[in-house]
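One structure is given here, and the rest of the page talks about it.
The values are calculated or read from the model by the stated rules, or taken from the named source; none is laboratory data. Quantities reported herein were computed from a predicted structural model and do not represent experimental measurements. Here the Cβ positions follow ideal geometry from the backbone for every residue, glycine too, while neighbour counts run over all protein chains shown.
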There are 2 protein chains.
Amino acid sequence: MADLTERALLDRIRAHTARRLGVAVGIGDDAAVLDGEPAEVVTQDFLVDGVHFRRATTSPEDLGHKALAVSLSDVAAMGAGPVAAVVGLGLPTEDEPSPEEIEALYRGMEALAERSGCTVAGGDISEAPALLLAVAVVGRVPRGGRPVLRSGASPDDVLCVTGALGASAAGLMLIDDPRLGAGLAEAEALRTTHRRPAPRLAAGRALAAGGATAMIDVSDGLALDALRLAVASGVAATIELERLPLAPGVAEVAVAAGREPDLLGATGGEDYELLAAVPEGALPALRVALDVPLTPVGRVERGVPGVRLLRDGVEIRPARLGWEHGAER
Amino acid sequence: MADLTERALLDRIRAHTARRLGVAVGIGDDAAVLDGEPAEVVTQDFLVDGVHFRRATTSPEDLGHKALAVSLSDVAAMGAGPVAAVVGLGLPTEDEPSPEEIEALYRGMEALAERSGCTVAGGDISEAPALLLAVAVVGRVPRGGRPVLRSGASPDDVLCVTGALGASAAGLMLIDDPRLGAGLAEAEALRTTHRRPAPRLAAGRALAAGGATAMIDVSDGLALDALRLAVASGVAATIELERLPLAPGVAEVAVAAGREPDLLGATGGEDYELLAAVPEGALPALRVALDVPLTPVGRVERGVPGVRLLRDGVEIRPARLGWEHGAER
């Protein structure tokens, strides 16, 4: 499905979604919000072999890490801290993973959970047509705080991104074709970033506390996720490609593959960085408060909701803005 | 996998599950428990085409109903009330459901959510090898209450079951072979019970408030779920087959299929009734308080953890106690 199809579908689904006491945000944000003190967020993601990962090139421990990281990243994008993860595991009857593989998978999940201050607190094992992980995470917003939605960006906000871009996409390219990284010092670091993304939990809370008006995690590509934030907020977003903080080695891999480095950073996907809209005045304090770099990459303006990519002031229209729910992987 | 294999696996997984502040119950109960006031429970289930349902014989609306009902039943078994459901939908690229089918699916879910006092509050759509629904539900325990676990049964407690047994299994048999129900007035009601099980939410809360010491929902067969409750509680459970409240028509379908009616009731699965351990003195008030029948079907005793099925005092050993995570469906 194209992005517009998915969005149209979500719109139809949303029409059926009653809004009742206790639940403030419906389908369409990174997580659902449960009113309360503290407010809570709930995310639900699943990863299936052959769609979101390939068992042949993913170690069980990396897979466990990544399955949880994807959900924690959604929690981070709400400015919340994770409390508990509940995991459903689907096992194929053909080529069923061994108990050792399953243990390794949970070990990868546990290690990340521990570092993230949450617990893998329950789960279900069932048969499935392919190896499948369904992960729900409950998070809590710091007392007195409010979850940061995709929809709060205001005209004149600055668009900022945490950390660095393109490492995961470049890492995947290196996993598929190691020759692209021949002699590249950063090759292993790029592959590791693809396999073990680090959800920006501390940065998400600091951005929320420091005045971010809207936030989304960069899961499908900065450009596509910026489009989602812009549409949810009813604003026009502009990204200046020359400002993108590419991770070390990304440009070299892109060039070796005949790709444009800035577009790889803008559309590569699976960065699991945070894209935030921030009032300009809040930026200096935020850049000090965060435990990772925070880079202004664009701006929010009044206008038709959408996203424009500029390279030295000239609009660039890439063939695609990012990954649409893994369908192209 | 046999039940013991699954349990051994869960034991190994549990060994990796850190118990930290804020999460009281790990893998192995119907839901994970988050400490707090009110305490919360979180469940996670997924249903996949070909394993947990068959798209060919399940309408999208029924499927939506059932996917949510399964999770609500887990919430009911904790004595909690559901607040929000977060749904992940996996769509196959081959034979992709139409937008109308997906709407019908959500409609089935929404209708049950509305009747159950919860909201379908978010979700994710992605590609999957087969139609897949992953449902996480957050529930809250009434203020001042505690969630009822599987592990609290005491010797001399009475084992009780809500509602009636066998209807879902008989209904599935009728869906597969309508001739079994020729001339049977209850045939359609049995099929409907299979397609649209009613989670026992009010009964679960009343059982919790009225002193139930342990509870589990009957998803895989009364006998197998009684075994799970007994093992979790470290007690011996006895079920008296002649006391089982079979739903009207179940005996006729069983006889037509050459099955023993009481064993169909004991091992049929997907009843989504509640099995509770209750102190004998609490039973009269509970039977008045519940909105459905509550039938004593056995007893908890000191002894080697396990379950025995008695027919007029003679132990019966069926080939299997119930469905093991859908693998036999």
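Details
- Candidate set from segment A:212-227 (those that are in a helix (DSSP H, G or I) and surrounded by fewer than 24 Cβ atoms within 10 Å (Cβ to Cβ)); member that is nearest to the chain's Cα centre (by Cα): A:LEU224
- Hits in segment B:190-211 (condition: assigned to a loop (DSSP other than H, G, I, E, B) and within 20 Å of B:LEU112 (Cβ to Cβ)): B:ARG196, B:PRO197, B:ALA198, B:PRO199, B:ARG200
- Residue match in segment A:126-135 (condition: in the same structural domain as A:ASP45 (by TED's automatic domain parsing), more than 16 Å from B:ALA134 (Cα to Cα) and buried (at least 16 other Cβ atoms within 10 Å of the Cβ)): no
- Filter result for B:VAL33 (surrounded by 20 or more Cβ atoms within 10 Å (Cβ to Cβ), hydrophobic (A, V, I, L, M, F, W, C), closer than 27 Å to B:THR193 by Cβ and not assigned by TED's automatic domain parsing to the domain that holds B:GLU273): no
- Boolean, A:ALA256 is of a type in the set (A, V, I, L, M) and either in contact with a His (Cβ under 6 Å, 6 or more places away or on another chain) or under 30 Å from A:GLY183 (Cβ atoms) (or both): yes
- Test: residue in segment B:39-53 that is surrounded by 24 or more Cβ atoms within 10 Å (Cβ to Cβ), under 17 Å from the mean Cα position of the chain (by Cα), away from every other protein chain (no Cβ under 12 Å) and within 21 Å of A:CYS118 (Cβ to Cβ): no
- Qualifying residue in segment A:144-153 (condition: away from chain B (no Cβ under 14 Å), crowded, with 24+ Cβ neighbours inside 10 Å and within 19 Å of A:ASP262 (Cβ to Cβ)): no
- Residues that are assigned to a strand (DSSP E or B) and under 16 Å from B:ALA203 (Cα atoms), drawn from segment B:145-164: B:LEU159, B:CYS160, B:VAL161, B:THR162
- Taken across segment B:87-110, residues that are more than 9 Å from chain A (Cβ to nearest Cβ), within 19 Å of the chain's Cα centre (by Cα) and among the aliphatic types (A, V, I, L, M) do not occur at all.
- Once segment B:114-125 is narrowed to residues that are facing another protein chain (nearest Cβ under 7 Å) and either surrounded by 24 or more Cβ atoms within 10 Å (Cβ to Cβ) or modelled with pLDDT of 90 or more (or both), the residue that is farthest from A:ALA85 (Cα to Cα) is B:GLU114.
- Residue within segment B:165-174 that is surrounded by fewer than 24 Cβ atoms within 10 Å (Cβ to Cβ), free of Cβ contacts under 8 Å to residues at least 60 places away in the same chain and either within 14 Å of another protein chain (Cβ to nearest Cβ) or not in a loop (DSSP other than H, G, I, E, B) (or both) present: no
- Positions within segment B:176-195 being surrounded by fewer than 17 Cβ atoms within 10 Å (Cβ to Cβ) and of a type outside the set (Gly, Ala, Ser), in sequence order: B:ASP176, B:ASP177, B:PRO178, B:ARG179, B:GLU188, B:THR192
- Some residue of segment A:263-284 being touching a helix residue (DSSP H, G or I) at 6+ places or on another chain (Cβ under 7 Å) and either in the same structural domain as A:MET78 (by TED's automatic domain parsing) or among the aromatic types (Phe, Trp, Tyr) (or both): yes
- Segment A:301-315 residues that are without any contact (Cβ under 8 Å) to a residue 40 or more places away in the chain, paired with ones that are part of a strand (DSSP E or B) (beta carbon under 9 Å, 6 or more apart): A:GLY313/A:GLU240; A:GLU315/A:ARG308; A:GLU315/A:LEU309
- Checked against (1) touching an Asp or Glu at 6+ places or on another chain (Cβ under 7 Å); (2) modelled with pLDDT of 95 or more, B:ALA214 meets all criteria but (1).
- Screening B:GLY265 on (1) more than 11 Å from B:GLY166 (Cβ to Cβ); (2) touching a Leu at 6+ places or on another chain (Cβ under 7 Å); (3) of a type outside the set (Asp, Glu) shows it passes everything except condition (1).
- Count - residues of segment B:68-84 that are part of a strand (DSSP E or B) and touching a Ser or Thr at 6+ places or on another chain (Cβ under 7 Å): 2
- Of residues in segment A:107-133 being part of a helix (DSSP H, G or I) and touching a strand residue (DSSP E or B) at 6+ places or on another chain (Cβ under 7 Å), the one nearest to A:PRO38 (Cα to Cα): A:SER116
- Given (1) hydrophobic (A, V, I, L, M, F, W, C); (2) under 20 Å from the mean Cα position of the chain (by Cα); (3) buried (at least 18 other Cβ atoms within 10 Å of the Cβ), number of the condition B:VAL253 does not satisfy: (2)
- Only residues that are within 14 Å of A:MET215 (Cα to Cα) and hydrophobic (A, V, I, L, M, F, W, C) were counted in segment A:73-88, giving 5.
- When restricted to residues that are buried (at least 22 other Cβ atoms within 10 Å of the Cβ) and of a type in the set (Gly, Ala, Ser), segment B:96-110 contains 1.
- Only listed residue being out of contact with any Asp or Glu (no Cβ under 6 Å at 6 or more places or on another chain), modelled with pLDDT of 95 or more and under 30 Å from A:GLY258 (Cβ atoms), chosen from A:LEU159, A:LEU165: A:LEU159
- Selection count where residues are crowded, with 23+ Cβ neighbours inside 10 Å and out of contact with any Phe, Trp or Tyr (no Cβ under 9 Å at 6 or more places or on another chain), scope segment B:71-83: 9
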